[in-house]
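Undergrad: Okay, here's the structure, questions in a sec.
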Amino acid sequence: MPVPLLLGIIVLGLPPGLVLLALGSFRREGGSCRSCGYSKAGLAASARCPECGGTDWEWRTIPRSRWQLLIGGGLIGLAVAAVLEVFRVMSF
């Protein structure tokens, strides 16, 4: 493979791969009122439910986005393989 093509793979594959990997690795928490199901997003921790006035919030954890981890890891792997190939070609 020509070196400019490999450098293009590195430049175009590494940043989006890192972003997708970072986004996919965070866990997001959300909560909703046990009585009416109103979302607690954007409310203070001690806030009462604006819909029903309840104070009992149910917390749930949203799982990580596996597709972001897979695509991000694949892009980073492709960029690393391109870096290794550039070093192999350049070292004669």
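Undergrad: Label points 7 Å out from Cα along the Cβ direction at Glu51 and Phe87: separation in nm?
TA: 5.5
Undergrad: If you add up the charges near Arg48, with Lys and Arg at +1 and Asp and Glu at -1, over every other residue whose beta carbon is less than 12 angstrom from its beta carbon, what do you get?
TA: Result for the local shell: -1.
Undergrad: Let me ask something else. Using 1/(1 + (r/R0)^6) with R0 = 25 angstrom and r between the beta carbons of Trp67 and Ala41, what's the FRET efficiency to the nearest 0.05?
TA: E between Trp67 and Ala41, to the nearest 0.05, is 0.65.
Each reported figure results from applying straightforward, stated rules to the coordinates on display, with no laboratory input. Keep in mind that this is a model prediction, so the values were computed, not measured. Virtual Cβ from ideal backbone geometry, glycine too; neighbours counted across all protein chains shown.
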